[in-house]
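The values are calculated or read from the model by the stated rules, or taken from the named source; none is laboratory data. For clarity, every value in this text was computed on a predicted model and none was experimentally measured. All Cβ positions, glycine included, derive from the backbone under ideal geometry; neighbour counts span all protein chains shown.
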Amino acid sequence: MTITVRWADDAHTIIYYEYVGKWTWEEYYRAGDEAVALAQTGNQRVSVIGDFRKSAFLPDAALSGFRRSLQTTRLEFDIVVLMFGSEFMQRLLDIFSRLYNVQKIKILTAHSLEEAIDTINAHRTNNSSTKSF
């Protein structure tokens, strides 16, 4: 599978998605279902890390597809930290954020898994209110 989902921490509070190679929307939504199942076994406070560093490809209609997924997700989360392998993907996130005004969802970026986890922990320290199941 080109998208894998697992816990990023032993406390089961951070869900880690890793995208490898070329993936499809069908795989994306299947991974989302896996994440929901994981979240139901973990703690109430869940954050998400999306690691796109090993994927240089996006499926067709990427911007509208990501927008639709944020609107219809069953996963409750407080923050998303994304990691990219190229400047192009970072620019795409900037465009996405401006086009769809993603202010309700905190989306940040990091260069490594360690930095992503640190970013989430800093966010949690600074924000006492988060979504829960």
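Tabulated data for the structure shown
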{"read-out": "Single unsatisfied condition, MET83 versus (1) at pLDDT below 70; (2) not in a helix (DSSP H, G or I)", "value": "(1)"}
{"read-out": "Scan of the range 30-51 for residues that are under 13 Å from the mean Cα position of the chain (by Cα) and outside any helix (DSSP H, G or I), ordered by number", "value": "VAL46, SER47, VAL48, ILE49, GLY50, ASP51"}
{"read-out": "Some residue of the range 99-121 being more than 18 Å from TYR17 (Cβ to Cβ), surrounded by 14 or more Cβ atoms within 10 Å (Cβ to Cβ) and modelled with pLDDT of 70 or more", "value": "yes"}
{"read-out": "Test: residue in the range 48-69 that is modelled with pLDDT under 90, buried (at least 16 other Cβ atoms within 10 Å of the Cβ) and in contact with a helix residue (DSSP H, G or I) (Cβ under 8 Å, 6 or more places away or on another chain)", "value": "yes"}
{"read-out": "GLU27 vs. criteria surrounded by 13 or more Cβ atoms within 10 Å (Cβ to Cβ), assigned to a helix (DSSP H, G or I), at pLDDT 90 or above and out of contact with any Leu (no Cβ under 7 Å at 6 or more places or on another chain)", "value": "yes"}
{"read-out": "Check on ALA35, touching a residue at least 40 places away in the same chain (Cβ under 8 Å) and aliphatic (A, V, I, L, M)", "value": "yes"}
{"read-out": "Matching residues in the range 1-52 - criterion: being among the hydroxyl-bearing types (Ser, Thr, Tyr) and over 19 Å from LEU113 (Cβ atoms)", "value": "THR24, TYR28, TYR29, THR41"}
